[in-house]
Amino acid sequence: MMITSTDALAEACARMAKAPFVTVDTEFLRETTFWPKLCVVQLADEEGPVVVDALAPDIDLTPLYDLMSNESVLKVFHSGRQDIEIFHHLAGRIPHPVFDTQVAAMVLGFGDSISYDQLVQRTTGVALDKSSRFTDWSRRPLTEDQVTYAIADVTHLRKVYQKLSSDLEKRGRAEWLFEEMEVLTSPATYQSHPEDAWQRFRSRLKKPRDLAVMMEVAAWRESEAQGRDVPRSRVLKDDALLEIAARAPRTVEALAGLRAFPRGYERSRAAQDILEAVSRGVARDPQTLPALERERSGGGANPATVELLKVLLRMIAERNAVAAKIIASVDDLERIAADDDAKVAALHGWRRELFGEQALKLKAGTLALAVERGRVVALERAAGDEAPLPAPRPRRNRERKAPEAGVSAE
């Protein structure tokens, strides 16, 4: 069913408000804008799917937003962060309650970030046609293939949800997913902070001054892109941003001399804004800057300890059939290696029970890793029960004596 009017949308949403859960997906474009442009919304309940033309003339999406915030209806997405971001940006509302099948699949050991078509194949045996995935969803009318594709995204999602939800209950992991959904539906997750834009370049910044300049220039670019609703690269490309951070130009001439800086852009209003941002960065107190990537990852963490924690993580993930990525990141492991009280998700909630406690025991020496029959296993040890390494054996002097006269050296 294709919906192109507010009345038809209100009728469909009133029907779905009586359902225990509704599957949801969106189609959008983001190539020419900073904020995603919503084109199509697909919904399905037990009575069937609907496809909402979000670009239909004069359509008011308020009934849809009301359904998304209806606390009595569970909204089921697959990899729903971008979908939720759209609703938050357009309506100032965040869908709740939510069930994300990609996250649920990670909790149940389907691997890291499994795609929708792979998950449908593995849970229902159905092979989806994804040929319309990259079509232009802003063009009208929508083709029959596009509508079929859109409907498939929410109809099969119902069966996927039912299978995963049942498995979570059987394995006692429903609470694990609940913790993840609290983060996914938190307003803080979708707040945009231009002052944090520099973090996209964290690993490529080598000097404190580079960092200070990048923090200011990246924040300027982020604000400019949001205000004009254009992609970041339309304001200034990443290469130019990195070169500005490295060279810290203070004059229009120096700015124009940068290899990655657009020719003629130095005569624009933006050039003066960039130079002012550079000056603010250069003036920053180095003592107030966040740690650079190499400093942060070094931060007291023994590289060997980090490697052992990686082995432990993989062992626990495989043994419990849960994706390692959702338990802890490499950044988490580095922070745990450096600090038993690190502020990381891996040391809280179900992650701490599953992995965090073991990680701390490994650091303390009360847990050891060994290989038995080709598998890594963890062995509990008493505190202080540490066998000393054997002393190196002295090397023998293997110089051969010269043979006596008349005696063969064979």
Tell me yes or no: at least one residue of region 359-379 is in contact with a helix residue (DSSP H, G or I) (Cβ under 9 Å, 6 or more places away or on another chain) and under 20 Å from PHE178 (Cα atoms). no
Restricting to region 162-206, and then to whatever is part of a helix (DSSP H, G or I) and hydroxyl-bearing (Ser, Thr, Tyr), can you tell me which residue is surrounded by the fewest Cβ atoms within 10 Å (Cβ to Cβ)? SER166
Looking at this structure, is ASP66 among the charged types (D, E, K, R), in the same structural domain as LEU90 (by TED's automatic domain parsing) and not in a helix (DSSP H, G or I)? no
Filter region 327-376 down to residues that are surrounded by fewer than 19 Cβ atoms within 10 Å (Cβ to Cβ) and β-branched (Val, Ile, Thr) and give me whichever is nearest to ILE114 (Cα to Cα). VAL330
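State the number of residues belonging to region 229-277 that are of a type in the set (Gly, Ala, Ser) and within 28 Å of the chain's Cα centre (by Cα).
The number of residues fulfilling the criteria is 4.
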Matching residues in region 148-203 (of a type outside the set (Lys, Arg) and over 28 Å from LEU43 (Cα atoms)) number 10
Taking region 341-352, which residues are farther than 18 Å from VAL311 by Cα and either among the basic types (Lys, Arg) or without any contact (Cβ under 8 Å) to a residue 60 or more places away in the chain (or both)? ASP341, ALA342, LYS343, VAL344, ALA345, HIS348
Only one of THR288, THR185 is among the polar types (S, T, N, Q) and touching a strand residue (DSSP E or B) at 6+ places or on another chain (Cβ under 8 Å). Can you tell me which? THR185
Flagged pairs (Cβ under 8 angstrom, 6 or more apart or on separate chains; first in region 308-324, within 14 Å of VAL371 (Cα to Cα); second among the β-branched types (Val, Ile, Thr) and exposed (fewer than 14 other Cβ atoms within 10 Å of the Cβ)) are MET315/VAL377
Could you please tell me which pairs satisfy a Cβ distance under 8 Å, a separation of 6+ or placement on different chains, a first residue in region 113-139 that is in contact (Cβ under 8 Å) with a residue 24 or more places away in the chain, and a second residue that is among the acidic types (Asp, Glu)? TYR116/ASP153; LEU128/ASP117; TRP137/GLU27
Can you tell me which residue among LYS325, LYS310, LYS343 is closer than 30 Å to GLU175 by Cα and touching a Ser or Thr at 6+ places or on another chain (Cβ under 8 Å)? LYS325
Counting only residues that are within 22 Å of the chain's Cα centre (by Cα) and of a type in the set (Gly, Ala, Ser), region 338-364 contains a total of 5
Sort out which residues of region 121-138 are modelled with pLDDT under 95 and basic (Lys, Arg), and write them in order of number. LYS130, ARG133
Return the total of residues in region 337-364 being out of contact with any Gly (no Cβ under 7 Å at 6 or more places or on another chain) and either assigned to a helix (DSSP H, G or I) or in the same structural domain as GLU179 (by TED's automatic domain parsing) (or both). 18
Kindly list, by first and then second residue, each pair from a residue in region 153-170 that is outside the structural domain of ALA44 (by TED's automatic domain parsing) to a residue that is acidic (Asp, Glu) and surrounded by fewer than 17 Cβ atoms within 10 Å (Cβ to Cβ), limited to pairs with Cβ atoms under 8 Å and residues at least 6 apart or on different chains. none
From the set of residues in region 8-64 that are among the acidic types (Asp, Glu) and under 26 Å from the mean Cα position of the chain (by Cα), which is surrounded by the fewest Cβ atoms within 10 Å (Cβ to Cβ)? GLU31
Test for ALA270: is it part of a helix (DSSP H, G or I), touching a residue at least 40 places away in the same chain (Cβ under 8 Å) and within 13 Å of LEU211 (Cβ to Cβ): no
Within region 225-239, which residues are more than 17 Å from HIS193 (Cα to Cα) and among the basic types (Lys, Arg)? ARG234, LYS237
For region 90-107, which residues satisfy the criterion of being assigned to a loop (DSSP other than H, G, I, E, B) and surrounded by fewer than 22 Cβ atoms within 10 Å (Cβ to Cβ)? GLY92, ARG93, ILE94, HIS96, PRO97
Can you name the residue in region 69-86 that is touching a residue at least 60 places away in the same chain (Cβ under 8 Å) and in a helix (DSSP H, G or I) and, of all such residues, is surrounded by the fewest Cβ atoms within 10 Å (Cβ to Cβ)? ARG81
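The values are calculated or read from the model by the stated rules, or taken from the named source; none is laboratory data. Fair warning: this is a prediction, and the values are worked out from it, not measured in the lab. Quick reminder, even Gly has a Cβ in these numbers, built from the backbone with ideal geometry, and neighbours come from all protein chains shown.
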